[in-house]
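Quick notes on the structure that follows.
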Amino acid sequence: MQYMALIYSAPGSEESYDGDMFADYGAFGQAAIAAGVFKAGDALHPVAMASSLQVRGGKTSVTDGPFAETKEQLGGYYLLECADLDEALKWAAKIPTAKYGTIEVRPIVVFDT
Amino acid sequence: MNTGSDATALASIFRAQSGRVLAALIVQLQDFDLAEEALQDAMTQALRLWPTKGVPDNGAAWLLTVARRKAIDHLRRQKTQRAKAAEISLHQTLDQDVLSETDYVIPDERLRLIFTCCHPALSPDAQVALTLRTLCGLSACEIARAFLVSETTMNQRLTRAKAKIRTAAIAYEIPDQTDIFMRLEPVLAVIYLIYNESYLALEGDTPISVDLAAEALRLVKILRKLLPHPEVSGLLALITLHTARRGARINTAGDLVALQDQDRSLWDRGAITKGKKLLLHTLAGRNPGPYQIQAAISALHSESSSWADTDWPQIIGLYGALHKMTPSPVVALNRAVAIANGGDFGRGLQEIRALESRLSTYQPYFAARADVLARFDKPEQARLDYAQAIALSKNAAERRFLQHKLSELT
């Protein structure tokens with residue numbers, strides 16, 4: 001099973017993090033690779049750098065920023081290979097942002113072939 | 001073989017055995033719907049065969065074996081990779097079991113299943129529904145009626161929960177030692193919720209056929225047998241002690257009677273002794289938790305000969321301990337009310353008032369405050385609070401009870 005761990009947090013909330021976040025993210029990534037659960041993972045630039053796009057009636061419109069205003073913003077993700085939800089949740093709990101933000105864990109769709 | 005069994009006897013066998021058989025099927029097949037369908041098929045076959053051929057000595061094992069064969073039939077029609085693998089696993093178990101059908105002990109998978117049904121990734125509503133459906137063997141229609149929702153809503157709730165278990169791959173596993181206490185919390189909460197719902201059902205406007213209190217008791221007993229944790233025993237003691245007072249909660253006119261006005265001779269002394277014995281034994285393990293504390297509070301009420309004789313200082317202390325473990329405004333309210341009941345009306349009322357902003361839509365808050373105000377000789381303020389409680393109440397018997405209290409004010 002593959003799970004996407006989507007990392008959300010409110011802008012500025014990372015200041016409450018107790019510790020060296022960069023080092024802790026590095027350690028998390030290393031541990032996930034060593035355990036064979038790491039498939040992919042990236043950090044995203046803030047939503048101020050985002051563009052939102054829609055195609056309606058053949059016409060493309062692009063706007064600045066995120067489509068919907070939300071308090072917590074998507075800041076990054078990991079794609080994890082786990083046996084079941086409990087294993088995925090255990091890994092998600094180790095993501096440093098879990099301490100001040102929210103990790104949303106979603107199973108990846110497998111299309112029947 | 002026993003012969004001469006009628007439909008009611010069969011129904012009671014199904015009722016007693018189906019939880020265990022269904023749990024074994026679900027855990028093996030990892031598929032709720034297929035397991036339910038296969039068991040249904042097996043029961044249909046039993047209804048046809050047993051009345052003439054007699055009930056097999058090990059009816060549960062018979063049902064499981066037949067249900068596994070039925071599941072193979074269903075899987076054959078599916079033709080997916082997953083179905084193929086499940087079919088092979090079923091053939092293997094059937095080959096192993098067939099030789100020893102009469103003395104075959106069904107693996108008790110109910111503990112795994114209850115952790116799956118009460119997984120925190122499912123909504124509490126879904127946890128309750130799924131537990132009643134699979135572990136208690138209630139139909140969607142029965143659960144819907146007990147929880148005053150439509151059958152369509154209940155079916156959707158069950159379908160969504162099962163889909164989430166399948167899609168998100170919630171495991172059919174007993175959590176490991178480090179997680180078990182955290183994962184036990186929602187399991188106990190679900191059982192207690194089912195129990196508390198039985199009161200609402202009892203007091204509700206529509207009569208229902210399902211005894212949720214009995215189901216909760218059955219669940220907590222199964223859980224205790226499979227997982228002897230002190231909090232599980234605490235919950236069993238709590239439910240036993242609450243149930244002991246049940247007969248006095250409703251009078252002959254069908255109206256609610258508050259604890260202070262109950263006829264204590266109607267309390268089930270045998271059940272109180274049983275609950276207290278279990279609680280004392282559990283507390284001796286010195287691993288206290290919220291359910292043990294609530295059971296202790298209930299035990300103190302049960303052993304007082306009258307409302308006035310109640311050991312309020314100890315109850316206040318226990319609510320304080322409970323609040324430390326599980327801080328909530330409702331626990332704080334109970335503690336404040338106990339302070340008022342213990343004789344310190346001024347301080348009790350002050351603490352009750354301090355909670356208003358956090359409990360402004362909670363019916364029992366206004367009912368409790370009205371009660372204290374009435375005894376504190378403030379009928380005008382009590383009247384307003386009773387009116388507010390009546391406005392917030394969702395239940396006819398409760399409204400009648402509050403209306404009666406209101407009319408008693410001078």
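The values are calculated or read from the model by the stated rules, or taken from the named source; none is laboratory data. All values reported here derive from a predicted model rather than from experimental measurement. Note that we place each Cβ from the backbone using ideal geometry, even for glycine, and neighbour counts take in every protein chain shown.
Figures for the structure shown
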| read-out | value |
| --- | --- |
| Odd one out for B:L132, checked against (1) within 14 Å of chain A (Cβ to nearest Cβ); (2) buried (at least 18 other Cβ atoms within 10 Å of the Cβ) | (1) |
| Sole exception among (1) under 17 Å from B:L188 (Cβ atoms); (2) within 12 Å of chain A (Cβ to nearest Cβ); (3) part of a loop (DSSP other than H, G, I, E, B) for B:F115, by number | (3) |
| Top-ranked residue in region B:294-320 [being touching a residue at least 40 places away in the same chain (Cβ under 8 Å) and part of a helix (DSSP H, G or I); ranked as nearest to B:L236 (Cα to Cα)] | B:A295 |
| Region A:1-17, subset hydrophobic (A, V, I, L, M, F, W, C) and not in a strand (DSSP E or B), residue nearest to A:G29 (Cα to Cα) | A:M1 |
| Of all residues in region A:92-101 being small (G, A, S) and out of contact with any strand residue (DSSP E or B) (no Cβ under 6 Å at 6 or more places or on another chain), the one that is nearest to the other protein chains (Cβ to nearest Cβ) | A:A93 |
| Candidate set: region A:29-66, residues that are at pLDDT below 90 and either in a loop (DSSP other than H, G, I, E, B) or under 30 Å from A:C82 (Cβ atoms) (or both); chosen: the one farthest from the chain's Cα centre (by Cα) | A:G65 |
| Any chance B:V337 is within 30 Å of B:N287 (Cα to Cα) and either at pLDDT below 95 or surrounded by 15 or more Cβ atoms within 10 Å (Cβ to Cβ) (or both) | yes |
| Spans of helices (runs of 4 or more DSSP H) in region B:170-284 with at least 3 residues surrounded by 15 or more Cβ atoms within 10 Å (Cβ to Cβ) and of a type in the set (G, A, S) | B:180-203, B:230-244 |
| Identity of the residue in region A:54-70, of a type outside the set (S, T, N, Q) and surrounded by 10 or more Cβ atoms within 10 Å (Cβ to Cβ), that ends up farthest from the other protein chains (Cβ to nearest Cβ) | A:D64 |
| In region B:156-169, residue nearest to the other protein chains (Cβ to nearest Cβ) [restricted to those that are surrounded by fewer than 17 Cβ atoms within 10 Å (Cβ to Cβ) and not hydrophobic (A, V, I, L, M, F, W, C)] | B:T167 |
| Meets criteria (of a type in the set (F, W, Y) and either within 30 Å of B:R82 (Cα to Cα) or at pLDDT below 95 (or both)) for A:Y3 | yes |
| Top-ranked residue of region B:126-155 - restricted to ones that are in contact with a Ser or Thr (Cβ under 8 Å, 6 or more places away or on another chain) and part of a loop (DSSP other than H, G, I, E, B), ranked as farthest from B:K221 (Cα to Cα) | B:L148 |
| Positions within region A:85-101 being surrounded by fewer than 17 Cβ atoms within 10 Å (Cβ to Cβ) and in a loop (DSSP other than H, G, I, E, B), in sequence order | A:K94, A:Y100 |
| Test set (1) more than 25 Å from B:D261 (Cα to Cα); (2) surrounded by fewer than 17 Cβ atoms within 10 Å (Cβ to Cβ); (3) in contact (Cβ under 8 Å) with a residue 40 or more places away in the chain; (4) not aliphatic (A, V, I, L, M) - B:Y291 fails condition number | (2) |
| Test: A:E104 is within 14 Å of chain B (Cβ to nearest Cβ) and either farther than 26 Å from B:T167 by Cα or in a strand (DSSP E or B) (or both) | yes |
| Conditions (1) within 11 Å of chain B (Cβ to nearest Cβ); (2) at pLDDT 95 or above: number failed by A:V110 | (2) |
| Qualifying residue in region B:80-89 (condition: within 14 Å of chain A (Cβ to nearest Cβ), surrounded by 15 or more Cβ atoms within 10 Å (Cβ to Cβ), at negative phi and not aliphatic (A, V, I, L, M)) | no |
| Among (1) out of contact with any helix residue (DSSP H, G or I) (no Cβ under 6 Å at 6 or more places or on another chain); (2) modelled with pLDDT under 90; (3) among the hydrophobic types (A, V, I, L, M, F, W, C) - the single one B:L256 does not satisfy | (1) |
| Residue selected from region A:71-90 under the condition more than 14 Å from every other protein chain (Cβ to nearest Cβ) and not hydroxyl-bearing (S, T, Y), by the criterion nearest to A:I33 (Cα to Cα) | A:L79 |
| Region A:18-28, subset in a helix (DSSP H, G or I) and loosely packed, with under 14 Cβ neighbours inside 10 Å, residue nearest to the other protein chains (Cβ to nearest Cβ) | A:A27 |
| Hits in region B:117-129 - residues which are in contact (Cβ under 8 Å) with a residue 60 or more places away in the chain and buried (at least 18 other Cβ atoms within 10 Å of the Cβ) | B:C117, B:C118, B:H119, B:Q127, B:V128 |
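Quick grid of which residues meet (1) among the hydrophobic types (A, V, I, L, M, F, W, C); (2) within 27 Å of the chain's Cα centre (by Cα):
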| site | (1), (2) |
| --- | --- |
| B:A340 | yes, no |
| B:R347 | no, no |
| B:L359 | yes, yes |
| B:F366 | yes, yes |
| B:R375 | no, no |
| B:A387 | yes, no |
| B:R400 | no, yes |
